[in-house]
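Student: Sharing a structure, written as structure tokens. Questions coming.
Just so it is clear, none of the values below were taken in a lab; they were calculated from the coordinates. The structure displayed is predicted, hence computed values, not measured ones. Cβ placement follows ideal geometry from the backbone for every residue including glycine, while neighbour counts extend to all protein chains displayed.
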Amino acid sequence: MPDTVDCLGLGIAPADILMRLARYPKPGAKVDAIETTIQGGGPIPTALVTVARLGFKSSLIAKVGNDIFGDFVVKELHDEGVDTSCIIRSDKLTAIACGWVERQTGRRTIALELQVRVKPSDIFLNGIPRPKIIHLDARDLDACTKLARWGNKNGITVMLDVGSIRNDVSQILSLVDHFVCAEDFALPYTAAGSIPKALAKLQKICHGTVVITSGLKGSIGMEIDGTIVHQTAFKVKTVDTTGAGDAYHGAYIVGLLKDWNLKERLRFASAVAAMKCTKMGGRTAIPTMRQALAFLKMRRA
């Protein structure tokens, strides 16, 4: 186990089984898959893979089963350069996510079976690497809250990713320095009629920087001082959108580590997310730093 890392994440770590289809089938239909990929998934693990590919050190706290999928998830992360010494093995099954990706649009539908959970008692704070940034997904909320409080106490930047409303994350929001969430969460949670209004409401709750991502519509962020930054999405030939938000989060974290301003962070994160969408699978096309900077040099958003 390393003493320090750039980013320590806590979140679900499923195995992803993705099939590319010509079009979504009707109920009861049978169709042939064009392409199939099996990779590790999960918002936090994929963000940490992004951090590693972009040249920084990352470590994951998660729980997986003592089964072939658990072995697969851990090995893939290790091979990507993510520290796996904090991953906990369980007698329950590793989380499995099965997805169907539509060829024409790149849209995907995911079904997740999640039996393994990280509890606060699973986390020994004196036995984990000391990070510069903590990245959380709030699925195992009490465990995430424990880590966020530890981060606040020790002056560590805390970042939170929430993609949609699954559980009440209110207890952790005031502990977050950077809240990068999806429109699918922001609008219903705040009951706001627009993204700018949702942004303002969330910023008052979090007392930190808030960014709302909206897929092809781009992203919008608000700093603590009220500064607002808009970032349009980069246009690419989309093959699969799985993991795009996760890659965005990882690239945003790298922007923080490089001390970039909000405009620079959003532009870089948008580029990395767009590049990820050009190939099948949540991690296949995540770029290196050199590739990402070359993309930005050649393109405008």
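Student: Using the structure shown, list the pairs from Lys237/Lys279; Lys57/Lys92; Lys197/Lys217; Lys63/Lys119; Lys217/Lys279 with a Cα-Cα distance above 18 Å, or answer none.
Tutor: Distance filter (> 18 Å) returns Lys57/Lys92; Lys217/Lys279.
Student: Over the chain, what is the mean sequence separation of C-alpha contacts under 8 Å (at least six apart), divided by residue count, expressed as relative contact order in percent?
Tutor: Value for the chain: 18 percent.
Student: Taking 0.36 nm per intervening residue step and subtracting the Cα-Cα distance, what contour gain separates Lys153 from Met298 on full extension?
Tutor: 48.0 nm
Student: Moving on to the next point. As an exercise, use a Förster radius of 22 Å and the Cβ-Cβ distance of Trp260 and Thr232 to find the FRET efficiency, rounded to the nearest 0.05.
Tutor: In this case the efficiency is close to 0.75.
Student: Could you work out how far apart the two model spin labels at Asn167 and Ala192 are, taking each label as a point 7 Å from the Cα in the direction of the beta carbon, and quote it in nm?
Tutor: So the two model labels end up 2.5 nm from each other.
Student: Give the span of the range 216-278's Cα atoms along each principal axis, as three whole-Å numbers ordered largest to smallest.
Tutor: Taking the Cα atoms of the range 216-278, the three principal extents are 38, 23, 14 Å.
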